[in-house]
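Here's the structure, in structure tokens; my notes come after.
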Amino acid sequence: MKTEIISTEAGDARITWHPARTARLVLAVSHGAGGGIEARDLQALARVLPGQGVSVALVEQPWRVAGKKVAPAPKTLDAGWRGVWPALVGPGLPVISGGRSAGARVACRTAVELGAAAVLALSFPLHPPGRPEKSRAGELLGSGVPTLVVQGGNDPFGKPEEFPDGSFELVEVPGGDHGFVVPKRARITQEEAVTVVTDAVVKWLGSLG
């Protein structure tokens with residue numbers, strides 16, 4: 001594991017690398033507006049994927065590195081992501097742009113511009129809770145590259161059945177909320193819920209060639 005600080009227009013970002021011994025891809029993933037790279041799904045991907053030939057770069061946006069509690073406007077998030085991109089492509093491998101929640105929106109918005117090979121959207125916030133009319137489907141549908149959405153079955157920001165038809169793949173985490181937390185009485189355990197996420201990503205990355 002290696003950590004580096006990257007200067008961007010939005011301030012200093014931080015990348016924590018979990019390298020594969022012989023890498024064929026880089027998966028760069030950022031956090032959401034309410035948490036950091038300690039999120040259970042991001043940490044699980046960092047544990048599992050290097051063994052599959054995928055180096056994982058966990059990216060902390062500048063606002064988070066600066067210790068701020070509230071995420072900035074989307075354009076500032078995008079600027080931070082653009083700023084770290086040269087470091088992500090540095091190894092010379094195809095880069096999968098990804099994130100959870102707000103980070104997934106950033107990945108979708110910037111994928112074509114930055115030349116991402118694909119997008120991984122974890123807990124894509126299709127709409128604010130209770131506000132389905134405020135749809136962000138356009139960002140997802142406009143990613144312009146192969147896209148995988150992994151969504152909790154009970155995510156208040158958009159349940160799987162609320163998503164429009166499109167050129168993306170969607171995998172459901174049964175009973176999962178926005179953080180992929182499942183109730184104690186769910187038909188799968190918390191550990192199994194996280195495995196649904198990692199298995200789906202491993203399978204999808206394998207299909208990308």
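Here are the numbers for this structure:
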item: Relative contact order %, the chain, counting alpha carbon pairs below 8 Å whose residues are six or more apart; result: 16
item: Dimensionless Rg/Rh of the chain - Kirkwood Rh, Rg from C-alpha atoms; result: 0.94
item: Share, in percent, of DSSP beta bridges within the chain that are antiparallel, nearest 5; result: 30
item: Chain lengthening between Lys184 and Glu113 when straightened (0.36 nm per residue, less Cα-Cα); result: 21.3 nm
item: Net charge of neighbours whose Cβ lies under 11 Å from the Cβ of Arg109, counting Lys and Arg as +1 and Asp and Glu as -1; result: +1
item: Residues with amide H under 5 Å from that of Val149, placed H, sequence gap 5 or more; result: Ala121, Glu169, Leu170, Val171
item: Over the chain: helical MRE at 222 nm, DSSP H runs n ≥ 4 each giving -39500 (n - 2.57), nearest 500; result: -9500 deg cm²/dmol
item: Surrounding net charge for Gln52, when Lys and Arg each add one and Asp and Glu each subtract one, Cβ distance under 14 Å; result: +3
item: Scaled radius of gyration (Cα, divided by 2.2 N^0.38 Å) that region 1-107 gives; result: 0.97
item: Calculated FRET efficiency for the pair Glu161/Ile5, C-beta based, R₀ 35 Å, to 0.05; result: 0.25
item: Summed side-chain charge close to Pro125 - residues other than Pro125 whose Cβ falls under 11 Å, Lys, Arg +1, Asp, Glu -1; result: +3
item: Exposure of Thr22 as accessible area (Å², to 10), given a probe of 1.4 Å and all protein chains; result: 110
item: Entries in Lys2/Lys203; Lys2/Lys69; Lys2/Lys68; Lys68/Lys184 that, when Cα-Cα distance is taken, lie over 30 Å; result: Lys68/Lys184
item: Distance (nanometres) between label positions extended 7 Å along Cα→Cβ at Arg24 and Lys68; result: 4.0
item: ³J(HN,Hα) computed for each position of region 64-74 - Karplus, 6.51 cos²θ - 1.76 cosθ + 1.60, integer Hz, glycine/proline x; result: 6, 4, 6, x, 7, 8, 10, 5, x, 5, x
item: Stretchable slack from Lys203 to Arg47, in nm (0.36 nm times residue separation minus alpha-carbon distance); result: 54.6 nm
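The values are calculated or read from the model by the stated rules, or taken from the named source; none is laboratory data. Everything quoted here is computed from the prediction, not taken from an experiment. Because the Cβ atoms are built from the backbone with ideal geometry, glycine has one as well, and the counts that use them run over all protein chains shown. Note: accessible area is taken over every heavy atom of the protein model, side chains too, but ligands, DNA and RNA are not part of it. Shrake-Rupley method; radii C 1.70, N 1.55, O 1.52, S 1.80 Å.
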